[in-house]
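Working notes, structure below.
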Amino acid sequence: MPQSRFARRRRKLLARLKKLGIPALLVTNESNVTWLTGFTGDSSYLLLGHGFGVLISDTRYTVQIAEECPDLDVEIRDSRQPMHQAVARVVSTARTGQLGIESHSTSVASWEKIEEAVSGSHPPLELVAVGMVVNELRAIKDADEIAEIRKAVVQAQRGFAAVSSVISSEMSELQVAHELEHLMRRFGAEGPAFEPIVAVGARAALPHARPGSTRIGDSGFVLVDWGARTTGGYRSDLTRLLVTGKIPPKLEEIYGVVLSAQLRGIKAIRPGATLKSVDTAARRVIENAGFGKFFGHGLGHGIGLDIHEEPRFSPVAQGVLEPGMVITVEPGIYLPGRGGVRIEDDVLVTRDGHEVLTSVPKRFEDSVVEIG
Ligand code: ZN
Ligand code: ZN
């Protein structure tokens, strides 16, 4: 990855900080550090201000940092020097008067340690809590990021197509999940975007079922929620129902409702649309069909370096869609003890509307698979 991209992102952040009146920010969120620097290791903070940027890391990463972000100043601490002391040393040299800290990813304990370590600074240093400034910038993907997400979609879809053709009634949820992970890796993924959900029959009523030893058997259907992570760190996220046998008519009915709701939600996606209005467009279809109370989660979430990131579609979401956002649309209906249906695709907001990045067929008849 060319360095200019990360420098451009840091400039964008500095412009934002200037508007907020914050002279320097300690970025503690791991994905935010990666997005701003290209560094893919962990346990490292970025201190960014006007005229300086320092990556604070430790001796395990000396070589990796030189490779991944050669244009950045680095403060390498050894095992005798705790993080808060390294932060205090760097920030006291910068003499910014005020230091913003990402409050959503800094523990109260670390905050207090940093506060204590800088307490003797001259001039005095005031710590201020800063919210999701970097996360909000990350919500809008640049061309390289969109290309990475497209890659993650292809890897996930090839893996899914391959697993659908080898699935058998003898296989357990866990075996299907492992096979899917293995196949996505074979198609170039670094790994799964998250631990896949494979939920057989009534277990599909649990929106976050963990795969277990239940066999496909003759339960009739299995819900699969999966995605791939590229070597560049970007993720895809899809959900499909596989119909493996006879399924209760009620399930087929809710499949139709969920699909209509999903299509309605996708149709509402365009620049300027409020996040809430997209959620409402889909939710109304489910409510009108009488299943409103069985759809308990938000309609979707941004994807990128993280599997759940800004923005979010929900009944209480604030904000509007902008070109470059990539967000899932995943309505679901879950009937306790009987099963559930969720259908999930990844959608890019374009200048004049949207593009659905995922393309696994989703009509009810498309979800029927022959199993051995
Ligand atoms: Zn998902
Ligand atoms: Zn999702």
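No value in this document is a laboratory result; all are computed from the given coordinates. Worth saying up front: this structure is predicted, and the values here are computed from it rather than measured. Because the Cβ atoms are built from the backbone with ideal geometry, glycine has one as well, and the counts that use them run over all protein chains shown.
Details
- Those residues of the range 252-273 which are surrounded by fewer than 19 Cβ atoms within 10 Å (Cβ to Cβ) and not in a helix (DSSP H, G or I), in sequence order: ARG270, PRO271, GLY272, ALA273
- Checklist (1) among the polar types (S, T, N, Q); (2) away from ligand 1 (no atom under 16 Å from the Cβ); (3) surrounded by fewer than 19 Cβ atoms within 10 Å (Cβ to Cβ) applied to SER314, failing item: (2)
- Residues in the range 152-174 that are surrounded by 18 or more Cβ atoms within 10 Å (Cβ to Cβ) and either farther than 21 Å from LEU241 by Cβ or not aromatic (Phe, Trp, Tyr) (or both): ALA152, VAL153, VAL154, GLN155, ALA156, GLN157, GLY159, VAL163, SER164, ILE167, MET171, GLU173.
- Residues satisfying the stated conditions in the range 207-251, i.e. crowded, with 24+ Cβ neighbours inside 10 Å, part of a strand (DSSP E or B) and either of a type in the set (Phe, Trp, Tyr) or away from ligand 2 (no atom under 16 Å from the Cβ) (or both): PHE221, VAL222, TRP226
This table checks each residue for (1) under 20 Å from GLU116 (Cα atoms); (2) of a type outside the set (Ser, Thr, Tyr); (3) touching a helix residue (DSSP H, G or I) at 6+ places or on another chain (Cβ under 8 Å).
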| site | (1), (2), (3) |
| --- | --- |
| THR37 | no, no, yes |
| HIS50 | no, yes, yes |
| THR59 | no, no, no |
| GLN64 | no, yes, no |
| ASP71 | no, yes, yes |
| THR96 | yes, no, no |
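- Failed criterion for THR328 (all others in (1) surrounded by fewer than 23 Cβ atoms within 10 Å (Cβ to Cβ); (2) under 30 Å from GLY232 (Cα atoms) hold): (1)
- Of the residues making up the range 101-136, those that are more than 15 Å from HIS84 (Cβ to Cβ) and over 22 Å from the mean Cα position of the chain (by Cα) are HIS122, PRO123, PRO124, GLU126, VAL128, ALA129.
- Within the range 208-243, the set of residues being of a type in the set (D, E, K, R), within 16 Å of ALA162 (Cα to Cα) and in contact with a Pro (Cβ under 7 Å, 6 or more places away or on another chain) comprises ASP225 only.
- Residues considered: GLY304, GLY292, GLY319, GLY339. Of these, the only one that is away from ligand 2 (no atom under 12 Å from the Cβ), small (Gly, Ala, Ser), surrounded by fewer than 16 Cβ atoms within 10 Å (Cβ to Cβ) and in contact (Cβ under 8 Å) with a residue 12 or more places away in the chain is GLY319.
- Residues of the range 112-136 that are within 26 Å of ARG16 (Cα to Cα) and crowded, with 17+ Cβ neighbours inside 10 Å: ILE114, VAL118, LEU125, LEU127, VAL130, MET132, VAL133, VAL134, ASN135.
- Number of positions in the range 185-205 that are within 16 Å of ligand 2 (Cβ to nearest atom) and within 17 Å of SER172 (Cα to Cα): 6
- Pairs with Cβ under 7 Å, 6+ apart, first in the range 106-120 and touching a residue at least 60 places away in the same chain (Cβ under 8 Å), second among the polar types (S, T, N, Q): THR106/THR28
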